[in-house]
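> Structure incoming, see below.
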Amino acid sequence: MPEEINVPLLDLRAQYDTIRDEIEPILRDVVESQWFIMGPKVADFEQAVAEYCGAQHAVGCASGSDSLLLALMASDIGPGDEVICPSYTFFATAGSIWRLGAKPIFCDIDPATYNCTVETVSEAIGRCKNLKAIMPVHLFGQAVDLDGLMTLACENNVPLIEDAAQGIGCRDVTGARVGSRGRFGCFSFFPSKNLGGFGDGGMVTTNDSDIADRMRRLRNHGMEPKYYHDEVGLNSRLDALQAAILHIKLKHLDSWSEGRRTNASDYDRMFDEAGAGRSGMSFNDTDLPLLRPSAVESPAYQIYNQYVIRVPESIRDDLRAHLVENRIGHDVYYPVPLHCQKCFSGLKEETGPLPATELAARETIAIPVYPELSMEQKQHVVETIVSYVRSHATVGTV
Ligand SMILES: Cc1ncc(COP(=O)(O)O)c(C=O)c1O
């Protein structure tokens, strides 16, 4: 009997096996130095990230969530303030706004890209009474329309805070890497991110040296000089072990992104051959009721933190069960839009419906796209999905 094919959603072990020889000596170095928090390893990594992103400064911190918090604190966001963000994103985007006593004003997304747009943010601006910042998310590793959103931010005299937690290395239509154009670029090094640590970690990029200095204080209890505090900050420092590991991994990031892009283009081709459409299309206009992600054109550059397909909601959850039976890892990012979360129930009515967001939450599935996938694994994923969709999604169910 042929060996059964397993395809996890992410295989961190496969990646580690390729870099173990580089990582182990660095771990020993840090342990021998006994310098565990901040220090030269963190400073070197901050400089490397700033250069990589094309920003002038980078400030390490304890997580992607804290990077958002630091950007908001450095923008003086507080009670009574409003910050626009998408509802179709990880919770931390809005959680960081709420934590400071401010109010998230949720905007809808473009069904083709899953990102917020000039139109959806403009609609949300119309609902604002006290707008203080705009926080778009480069979701799944695809850049938002930074030109358009920066113009909007400028017209409204508020900072643009890029939630780039899923986007390190991706480029917008001008070819600029995310985190280099907005007032802040906020990154996460959670292990499942394209640049993931061996624990939590985060970074904020900026081109403003005063803001960078303020965030350096804010991440360390607002302290400067030692034991003097002009304002209250956080304990959100990056540790030397994470910085050393991430610095090694940063050198491989571009080749890992290329691996993800190759996988995405193999999936695109196989789904297209089966009659699928692209996200943003209607199922009625495709031979197979399945939509694969829409690809961007160079110099824009997608890094596929996730590869997300759509199927009619009538079969989505049964297809998930079928994927489990066939040993295919997958997940739904995100099943409950943020404006529908219990903790934000007070905001639901005033937000109103966000149709593209709500539909995406019911139709999407993320499938494995990590760089080390083999062709056999990709074929197993596509064949399993296509044959299920073909036999279960009839015209009446679409
Ligand atoms: C869009 C987005 N924003 C913020 C975060 C928060 O990052 P972290 O988990 O490092 O706190 C994440 C991570 O999952 C994310 O995907």
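The values are calculated or read from the model by the stated rules, or taken from the named source; none is laboratory data. Just so we're clear, the structure is a prediction, and the values are computed from it rather than from any experiment. Cβ placement follows ideal geometry from the backbone for every residue including glycine, while neighbour counts extend to all protein chains displayed.
> Outside any helix (DSSP H, G or I) and among the charged types (D, E, K, R) - does that describe any residue in region 349-369?
Within region 349-369, not a single residue is outside any helix (DSSP H, G or I) and among the charged types (D, E, K, R).
> Let me ask something additional. Going through Asp81, Asp76, Asp147 one at a time, which residue ends up being charged (D, E, K, R) and over 27 Å from Val49 (Cβ atoms)?
Asp81
> Does Ala366 satisfy the condition of being modelled with pLDDT of 95 or more and under 30 Å from Gly126 (Cα atoms)?
Against the criterion (modelled with pLDDT of 95 or more and under 30 Å from Gly126 (Cα atoms)), Ala366 does not qualify.
> Right, Pro312: closer than 26 Å to Val7 by Cβ and crowded, with 17+ Cβ neighbours inside 10 Å or not?
In short, yes.
> Would you pick out the residues in region 225-242 that are in a loop (DSSP other than H, G, I, E, B) and either surrounded by fewer than 16 Cβ atoms within 10 Å (Cβ to Cβ) or among the small types (Gly, Ala, Ser) (or both)? Spell out the reasoning first.
Kept after step one, since they are in a loop (DSSP other than H, G, I, E, B), are these residues of region 225-242: 225-228, 230-234, 236-238.
Pro225, Lys226, Tyr227, Tyr228, Asp230, Glu231, Val232, Gly233, Ser236, listed by residue number.
> Look at region 260-306 and say how many of its residues are touching a strand residue (DSSP E or B) at 6+ places or on another chain (Cβ under 7 Å), surrounded by 17 or more Cβ atoms within 10 Å (Cβ to Cβ) and among the basic types (Lys, Arg).
Number of matching residues: 1.
> Checking Ala165 against (1) in contact with a Leu (Cβ under 9 Å, 6 or more places away or on another chain); (2) within 12 Å of the ligand (Cβ to nearest atom); (3) farther than 14 Å from Cys61 by Cα: exactly one of these is not met. Which one?
Looking at each condition in turn, Ala165 falls short on (3).
> Is it the case that some residue within region 203-219 is buried (at least 17 other Cβ atoms within 10 Å of the Cβ) and under 24 Å from Tyr370 (Cα atoms)?
yes
> Do we have any residue at all in region 243-259 that's among the hydrophobic types (A, V, I, L, M, F, W, C), in a loop (DSSP other than H, G, I, E, B) and either surrounded by 18 or more Cβ atoms within 10 Å (Cβ to Cβ) or modelled with pLDDT of 95 or more (or both)?
Pass one, region 243-259, residues among the hydrophobic types (A, V, I, L, M, F, W, C): 243-246, 248, 250, 253, 256.
Pick out the ones that are also in a loop (DSSP other than H, G, I, E, B) and you get none.
Checked region 243-259: no residue is among the hydrophobic types (A, V, I, L, M, F, W, C), in a loop (DSSP other than H, G, I, E, B) and either surrounded by 18 or more Cβ atoms within 10 Å (Cβ to Cβ) or modelled with pLDDT of 95 or more (or both).
> Do any residues in region 368-380 that are touching a residue at least 12 places away in the same chain (Cβ under 8 Å) have Cβ atoms under 9 Å from those of residues that are surrounded by 19 or more Cβ atoms within 10 Å (Cβ to Cβ) and among the hydroxyl-bearing types (Ser, Thr, Tyr), where the two are at least six apart or on different chains, and which pairs are they?
So the pair list comes out as Pro368/Tyr307; Val369/Tyr267; Val369/Tyr304; Val369/Tyr307; Pro371/Ser257; Lys378/Tyr267.
> Please go through region 173-193 and give me each residue that is more than 10 Å from the ligand (Cβ to nearest atom), in a loop (DSSP other than H, G, I, E, B) and surrounded by fewer than 24 Cβ atoms within 10 Å (Cβ to Cβ), ordered by number.
Val173, Thr174, Gly175, Ala176, Ser180, Arg181, Arg183
> Here are the criteria: (1) more than 11 Å from the ligand (Cβ to nearest atom); (2) more than 20 Å from Gln56 (Cα to Cα); (3) surrounded by fewer than 23 Cβ atoms within 10 Å (Cβ to Cβ). Tell me which single one Ile134 does not satisfy.
(3)
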